[in-house]
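Quick notes on the structure that follows.
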Amino acid sequence: MSDMTDNSECFQLFNDIGKHDIAAHDVLLMANENKLLKDYVVAFLDNISDEVIVLPTSGIIQLRDKLLCPISPYTVIVFVKTLEELDDKKDENLEIKLFEIDYIDIIHQINIQAFKQEEKMIENMLFQIIKNY
């Protein structure tokens, strides 16, 4: 995010949510160009609970073999590594799977992981700042 802010005058004009969306989009484009996601299947997670999903600065939450890319507090793009997990949700008319979730405990676990990853990212940034002084 800081590199994008430093390297683009236009990027600075967006609010935090806009910056998040642009960063998440650019990361996904980069991953696609480098074929980093070739082993993943795309699905959507529709949060139908009253609990919101955290929007991490990096745009990605990693949970085991899944990559979650929240695009709003209630919608997440999910990259699932194995097809077997989607077999029970197969719908021959759909190319992209949609999962509805209303389990607050699962939303909390997703948010906890997002916070842990954000904390680790901040620790790394602070380490780099201290290291450079």
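The figures follow:
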{"item": "Ile77 open to solvent by less than 50 Å² (accessible area, probe 1.4 Å), among the β-branched types (Val, Ile, Thr), closer than 26 Å to Ile101 by Cβ and under 15 Å from the mean Cα position of the chain (by Cα)", "result": "yes"}
{"item": "Residue count for region 1-48, restricted to those that are in contact with a strand residue (DSSP E or B) (Cβ under 7 Å, 6 or more places away or on another chain) and either at pLDDT 75 or above or among the basic types (Lys, Arg) (or both)", "result": "9"}
{"item": "Of all residues in region 74-95 being over 19 Å from Val27 (Cβ atoms) and in a loop (DSSP other than H, G, I, E, B), the one that is modelled with the highest pLDDT", "result": "Tyr74"}
{"item": "Any hit, region 26-45, residues being surrounded by 15 or more Cβ atoms within 10 Å (Cβ to Cβ), part of a helix (DSSP H, G or I) and under 12 Å from the mean Cα position of the chain (by Cα)", "result": "yes"}
{"item": "Qualifying positions in region 49-59 - open to solvent by less than 50 Å² (accessible area, probe 1.4 Å) and at pLDDT 85 or above", "result": "Ser49, Ile53, Val54, Pro56"}
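The values are calculated or read from the model by the stated rules, or taken from the named source; none is laboratory data. The shown structure was predicted, so the numbers you read here are calculated from the model rather than taken from an experiment. In this analysis, Cβ positions are derived from the backbone assuming ideal geometry, glycine residues included, and neighbour counts consider all displayed protein chains. Ligands, DNA and RNA are excluded from the accessible area calculation, which covers all protein heavy atoms including side chains. Shrake-Rupley method; radii C 1.70, N 1.55, O 1.52, S 1.80 Å.
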